[in-house]
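Down below is the structure, laid out as structure tokens.
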Amino acid sequence: MERVAETGRFRVSDERHTFVFADLAGFTALTEAHGDERAADIALEFCRELNRLLPEDAEDVKMLGDACLLRVGDAGEAVGLGLRLTGDLSRRHGFPDVRVGMHTGTAARRGADWFGSTINIAARVAALAGPCEVLLTAATRDAAGMPDGVVFEGCGAHELRHVAAPVHLFRARSVDEDARDGRWVIDPVCRMRLDVDQAATSIEHDGTERYFCSALCAGKFARSPDRYLRDAAHVPL
């Protein structure tokens, strides 16, 4: 039975939860390229699609700009959700890549919100995740067990801001993931993922064909290619 203590207006429980932060990689670049209205529409679409994928024992705690904080009762379900978010949502034409970080532990509930070091660590882990990546702590890996169709790759111990001890991280990957399907590219300006067959236009630069979601992004690139290619080599396809 769950043990609960009342501390002021906080409801403190020894029950363990997995908290998941999911956000849109490159959202600042998208906003700069396409404006606030378009960026807001994509963020709301992300939130709607995310809620469609939530398992039964999960809740969308709150939306923070382009990021969502989720609570999932079962760590294995949380890992599966993370892989669906980085797969179903990321691998589609004209949508930014999703990145996910999570941690498992206890937390304090106040009204509809949650507080505690578990949430703070989950946020730090999410900040380290790359596009289409699901990062989790050893606590979540241990709580998840061995989910079918999932492999965990060790990423070593990391120093997290305002966390005393190093935290061991793992990358979750679907065994049948084809993350390097050659038809997918990234628009170097707005960072949206594109199917090369559906790209609006392309420009050859230094012997490489670059694809764009629109003539607007192509024009920005043509005026200042070095600005947009600086980090392109670090985006997984």
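Here, each number is a calculation from the coordinates, and none is a lab measurement. All of these numbers come straight from a predicted model, not from anything done at the bench. With ideal geometry, Cβ positions are generated from the backbone for all residues, glycine too; neighbour counts draw on all protein chains shown.
In the Gaussian network model of the chain, springs joining C-alpha atoms below 10 Å, which of Ala108, Ala33, Ala164 carries the largest mean-square fluctuation? Sorting by GNM fluctuation, first place goes to Ala164.
Sorting His17, His205 on the 10 Å Cβ count, fewest up front, what's the list? Write out the running numbers ahead of the final one.
Values: His17 27, His205 15.
Least to most surrounded, the residues fall as His205, His17.
The residues Met63, Met102, Met146, when put in order of fewest to most other Cβ atoms within 10 Å, stand as Met146, Met63, Met102. Comparing mean-square fluctuations of Ile119, Ile203, Ile186 from a GNM of the chain with C-alpha springs under 10 Å, the top value falls on Ile203. The order of Thr201, Thr104, Thr140, going from fewest to most other C-beta atoms within 10 Å of their C-beta, is Thr201, Thr104, Thr140. On full extension, the segment bounded by Asp41 and Ala165 gains 40.7 nm, given 0.36 nm per residue less the C-alpha separation.
Since only Ala215, Thr140, Ala112 are under comparison, the one whose Cα sits farthest along the positive direction of the charge dipole of the chain, derived from C-beta charges on Lys, Arg, Asp and Glu, is Ala112. When both the range 184-223 and the range 41-111 are represented by their alpha-carbon centers, they are found 28 Å apart.
A straight chain from Ala200 to His158 at 0.36 nm per residue would run longer than the Cα-Cα distance by 11.1 nm. Among Val79, Val98, Val163, the largest mean-square fluctuation in a Gaussian network model of the chain, built with springs joining Cα atoms closer than 10 Å, belongs to Val163.
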